[in-house]
Amino acid sequence: MRECSNCRRAALIVSTLALTLGSVPNHAQAESPRNWPGYRGADGTGTWEGKTILSSSDAIGLEVAWKMKIGSGYSGVAVQDDFVVTMFTAGEDDVVAAFDRETGKEKWRTKLGPKHPGADGAHDGPISTPLIHDGLVFCYTPAGRLSAAELKTGKELWNKDLVKEFDAKVPPYGFASSPIAAGGVVVLEVGGDDKAVMGFDPKTGERRWTAGSDGVMWQSPILSADAGDSQVILAVGRDKIMAVDPSAGKVVWEFAHQGQGAPASSCVPAGKNRLLLHHKEDGSALYNLTGEGAERKGEIAWDNRNIRKTFNVPVYHDGHFYAYSVRFLTCVDAETGESKWRSRAPGDGFIILVDGNLVIITKNGTMHVAKATPDGYEERASTQVFTDVAWDHPAFAGDSVFVRSLDELARVDIKKASAPKLAVDTNPMPEGDARFQAFLERVAKADDKGQVIDEYLAKQKEFPIIEGDRFVHFVYRGEAKDVAVAGDLWGARQERPMERVAGTDLFFYTAELDPDTRLSYQFIKDFEETPDPRNPRKAVISVVGKDMEMSMGGSTIDMSWFAMPQWNAPTYFEVSADATKGRMETVELDSKLLGAKHNIDVYLPAGYDTSKDRYPVAYVHGGSAAKGLGEMDKALDGIIGRSTVPAIVVFINHAPGFSPTDKYSDIFAEEIIPAVDEKFRTIATPAGRAYVGQGFMGFTAIALSLEKPGIVGKVGCQSPFMFGSMAAGLDPLMGKAAESPVDYYIEWSKYDYRNPHENWDLGNAAKEFAAKLEAKGYKVNGGEVHDGTDWPSWRNRYDRLFQALFPKKPNQV
């Protein structure tokens, strides 16, 4: 998991560099056409320019020659002669293994160390790609262990622990640099002061040199030529691009790339003295290289958003870059930075360039070959290779492509064909019921297709079109080249292409849902997001933003929403004018811990001012959003004292510097609760207090109850957002329920945000955490609902939330 930034943490992949600074020999083409010795080939450009079957045949097909089951990991594939090598998890260990090129049969495997556990959505296993050089296989593990083994036997010759021996600092997701060989040494990016790049003796593993100062995440060094024939190591770090003499281990030149951390950046050659760098999450820049020696610098020619938010390394061909931008394949003019085209097909994935063609493996496990042309996406062949997630660049050797998924390794042969073989349906969807299918058939047969569509749409009472209890048809009509639908149904960084009805301007997508489902959605027309123009029901969304990226708050987008026939709308927002109502009171608190004043808003239930009773209190974390986006304050009169016992509700409004990550727990326990107990008639015991939170504030509510036990006796959460490391951080805080009893109401949605490619699902995470609490003896209520994520969903079940916290006793009025 990994784009909000916390979700983009789950998006692990090894990145490498490919840079041409002068008149540079193409090292990939000097290798035997049967070999692809490391990550993205011999020189890191991901390019094979030699002639292949792709240029000698008008029509081609892709044929899976073999597939072998392996374990999890992001390691790429290296090929040398009869050996196909990759790294993966096997049981409780990480291993490197070699497979027979012709049959796929395993030749050997060697243990590398304990299994590397994925963090925050990342899958388990190794990250970097092995290097095959001079009869040896070099491996670098996420824990920082560098080793060499014999290619023929797998016998390990030496290993080095870079953390213990050189005080290397493990990056958040583990070391991921892929090794290369240059100047008689094996080279890695390690990161740190005076050891951004390190060189090791390939025969003994002894350190030869260290060079440069910079932080690294997943970057890898490459070998290139610097303004002539002298070979240099090129490396990108958090702040710099540097060239290192591999023989002497000295920095030849360096300059700041002016990016934003560039955690997974890659340089891509673009002719003489030009390079592209995806230097920040939301954009890329083209650098013109000037000067000589230590004075060599990079001047930005253009900097824009046409290649952004991707871990794929672009390729360069005939004046154009071919890349992924967000999830869409794109072609960008290297001279101007202008986007020549964008294509939703074939789906998000990873590219190499072979003989003027793009060879692509998508995250959905499909392989595609397309012409590299600025005229548009022109597919020549496709096939389904895997059914699980694929997350690495292909390897090309001979007329075969070697690829891996998270649990399989495959060889796919490129074959001559009598006609193009396009064997992949990239947009499967159910047909729906007979009525919609009959409409599509009438359109297909009609001479005046527009009239049939007009008449059908005019008869619909609402959009999207719901037929029966289970089918929904999203429809968009209008001039467009490409239309997709996105939202709760598919999750973060996901959308589904809508199918154009042939000969018309009507697009549709059909889905099958539970009959009580309610969801938010939007259309993406020619890559621009918009609510459904035919649907007046609007939803303000704060959990995701543009491109369906997870948002950390502060911005919103507009979507539309719909509900299936058995969904019931809440009634508590509608209270009669003559009904008794509560009131809101704003209290200013002068926080000594925060060093600033901040306000809380307090809801006092109907009858509070005329009563002498004491009341239970619910403390709502993220109160500003709960009121502004969730309108919780407007729902309380219809819930509190009606379907619950009378209660006070305190909305905690976060001020600048006031967050759960600094002094929040102390401010809450030592200042807010005492101030409320002093000013209002509260039940000042744990049994009389409850925490309430939604989304990330739901996590905060749970964390506070465990971090400072004995303050509250109840917690109510809707979709508490817990990525892996967040939930794991709470495990040590869980005591036995008998020692600090707390009753939890935890509600999650079948459609909470998730990303199957990145291995995270916030709904499942909440479900699993609830099970952990139950196993410790805590009382847990709630469960799964068939609604979306965010305030348009949560606001529909405030009654369940507060009833769980403050239930009426039997026969209580």
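Rundown of residues vs (1) in a loop (DSSP other than H, G, I, E, B); (2) open to solvent by 30 Å² or more (accessible area, probe 1.4 Å), yes/no style:
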site: D194; (1), (2): yes, yes
site: G199; (1), (2): no, no
site: P202; (1), (2): yes, no
site: W209; (1), (2): no, no
site: S220; (1), (2): yes, no
site: L223; (1), (2): no, yes
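Just so you know, in the range 360-391 the residues that are acidic (D, E) and either assigned to a strand (DSSP E or B) or modelled with pLDDT of 95 or more (or both) include one that is surrounded by the fewest Cβ atoms within 10 Å (Cβ to Cβ), and it is D375.
Selection over the range 261-298 of residues that are outside any strand (DSSP E or B) and within 13 Å of A334 (Cα to Cα) gives a count of 4.
One residue is enough: does the range 624-642 have a residue meeting the conditions among the hydroxyl-bearing types (S, T, Y), open to solvent by 10 Å² or more (accessible area, probe 1.4 Å) and either in a helix (DSSP H, G or I) or within 20 Å of R800 (Cβ to Cβ) (or both)? Looking for residues that are among the hydroxyl-bearing types (S, T, Y), open to solvent by 10 Å² or more (accessible area, probe 1.4 Å) and either in a helix (DSSP H, G or I) or within 20 Å of R800 (Cβ to Cβ) (or both), one finds at least one in the range 624-642, hence yes.
Would you point out the residue of the range 600-613, among those that are surrounded by fewer than 15 Cβ atoms within 10 Å (Cβ to Cβ) and not hydroxyl-bearing (S, T, Y), that is farthest from the chain's Cα centre (by Cα)?
Selected residue: K612.
A single entry from K627, K714 fulfils the requirement of being modelled with pLDDT of 95 or more, in contact with an Asp or Glu (Cβ under 6 Å, 6 or more places away or on another chain) and over 21 Å from T556 (Cα atoms): K714. Report yes if some residue within the range 481-495 is open to solvent by 60 Å² or more (accessible area, probe 1.4 Å) and out of contact with any Pro (no Cβ under 9 Å at 6 or more places or on another chain); otherwise report no. Within the range 481-495, one or more residues are open to solvent by 60 Å² or more (accessible area, probe 1.4 Å) and out of contact with any Pro (no Cβ under 9 Å at 6 or more places or on another chain). Restrict the check to the range 445-455 and report whether at least one residue is assigned to a helix (DSSP H, G or I) and among the aliphatic types (A, V, I, L, M). The answer is yes, given that some residue of the range 445-455 is assigned to a helix (DSSP H, G or I) and among the aliphatic types (A, V, I, L, M).
Give the number of residues within the range 761-772 that are crowded, with 23+ Cβ neighbours inside 10 Å and over 20 Å from the mean Cα position of the chain (by Cα). Total meeting the criteria: 2. Remark: pairs (first residue in the range 732-760, hydrophobic (A, V, I, L, M, F, W, C); second residue open to solvent by 70 Å² or more (accessible area, probe 1.4 Å) and assigned to a loop (DSSP other than H, G, I, E, B); Cβ separation under 7 Å; 6+ apart in sequence or on different chains) = M734/K776; A737/K776. G118 meets each of the listed conditions (1) within 30 Å of A766 (Cβ to Cβ); (2) in contact with a Leu (Cβ under 8 Å, 6 or more places away or on another chain); (3) open to solvent by less than 10 Å² (accessible area, probe 1.4 Å) apart from (3).
Scan the range 710-733 for residues that are within 30 Å of N796 (Cβ to Cβ) and part of a loop (DSSP other than H, G, I, E, B) and the total you get is 8.
In the range 42-102, counting only strands (runs of 3 or more DSSP E) that sit wholly within it, the ones holding 1 or more residues that are over 19 Å from H393 (Cβ atoms), open to solvent by less than 20 Å² (accessible area, probe 1.4 Å) and in contact with a strand residue (DSSP E or B) (Cβ under 8 Å, 6 or more places away or on another chain) span 60-69, 83-90, 93-100. Taking the criterion of being part of a strand (DSSP E or B) and among the acidic types (D, E), the residues of the range 516-530 that qualify are E528, E529. Which numbered condition in (1) closer than 27 Å to A539 by Cα; (2) open to solvent by 10 Å² or more (accessible area, probe 1.4 Å); (3) in a strand (DSSP E or B) is the only one that Y619 fails? Result: Y619 fails condition (2) only.
Criterion first (basic (K, R), assigned to a loop (DSSP other than H, G, I, E, B) and in contact with a Gly (Cβ under 9 Å, 6 or more places away or on another chain)) does K809 satisfy it? Judged against the criteria, K809 is not a match. Residue pairs whose Cβ atoms lie under 7 Å apart, sitting 6 or more positions apart in sequence or on different chains, and linking a residue in the range 568-584 that is of a type in the set (F, W, Y) to a partner that is surrounded by 10 or more Cβ atoms within 10 Å (Cβ to Cβ), are Y572/A635; Y572/G638; Y572/I639; Y572/Y798; Y572/D799; F573/K634; F573/A635; F573/G638. Within the range 308-322, being more than 11 Å from V268 (Cα to Cα) and at pLDDT below 95 holds for R308, K309, T310, F311, N312.
Assigned to a loop (DSSP other than H, G, I, E, B) and either under 20 Å from A149 (Cβ atoms) or of a type outside the set (A, V, I, L, M, F, W, C) (or both): is that true of G113 in this structure? No. Filtered by the rule that a residue be of a type in the set (S, T, N, Q), in a strand (DSSP E or B) and either at pLDDT below 95 or under 40 Å from the mean Cα position of the chain (by Cα) (or both), the range 677-709 gives a lone residue, Q694.
Number of residues in the range 206-237 that are over 23 Å from K280 (Cα atoms) and at pLDDT 95 or above equals 6.
Pairing residues of the range 146-159 that are of a type in the set (K, R) with residues that are surrounded by 15 or more Cβ atoms within 10 Å (Cβ to Cβ) and part of a strand (DSSP E or B), at Cβ distances under 7 Å and at least 6 apart in sequence or on separate chains, gives K155/A149. The residue list S178, S147 contains one member that is closer than 26 Å to W209 by Cα and not in a strand (DSSP E or B), which is S178. Contact annotation: residue pairs with Cβ atoms under 7 Å, 6 or more positions apart or on different chains, pairing a residue in the range 299-317 that is within 15 Å of P374 (Cβ to Cβ) with a partner that is among the polar types (S, T, N, Q), are N306/S325; N306/T330; N306/S339; I307/S284; I307/S325; I307/T330; V315/T47. Pairs meeting the criteria (first residue in the range 435-461 and over 18 Å from D505 (Cβ atoms) and modelled with pLDDT under 95, second residue open to solvent by 20 Å² or more (accessible area, probe 1.4 Å) and of a type outside the set (S, T, N, Q), beta carbons under 6 Å, at least 6 apart or on different chains) are Q437/E431.
Listed here are the residues, each with its yes/no results for (1) under 22 Å from R493 (Cα atoms); (2) more than 27 Å from the chain's Cα centre (by Cα).
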{"position": "V252", "(1), (2)": "no, yes"}
{"position": "H257", "(1), (2)": "no, no"}
{"position": "G261", "(1), (2)": "yes, no"}
{"position": "K272", "(1), (2)": "no, yes"}
{"position": "Y287", "(1), (2)": "no, yes"}
{"position": "A294", "(1), (2)": "no, yes"}
{"position": "R308", "(1), (2)": "yes, no"}
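Does S418 satisfy the criteria of being in contact with a Ser or Thr (Cβ under 7 Å, 6 or more places away or on another chain), within 17 Å of S57 (Cβ to Cβ) and either in a strand (DSSP E or B) or not β-branched (V, I, T) (or both)? So S418 fails the test.
Taken over the range 532-565, the residue count meeting the criterion of being over 23 Å from W760 (Cβ atoms) and either open to solvent by 80 Å² or more (accessible area, probe 1.4 Å) or not in a strand (DSSP E or B) (or both) is 10. Residue count for the range 162-183, restricted to those that are of a type in the set (G, A, S) and touching a strand residue (DSSP E or B) at 6+ places or on another chain (Cβ under 6 Å): 3.
The values are calculated or read from the model by the stated rules, or taken from the named source; none is laboratory data. As the structure is a computational prediction, the values presented were derived from the model and not from experiment. In this analysis, Cβ positions are derived from the backbone assuming ideal geometry, glycine residues included, and neighbour counts consider all displayed protein chains. Accessible surface is based on the protein model in full, side chains and every heavy atom, while ligands, DNA and RNA are left aside. Shrake-Rupley method; radii C 1.70, N 1.55, O 1.52, S 1.80 Å.
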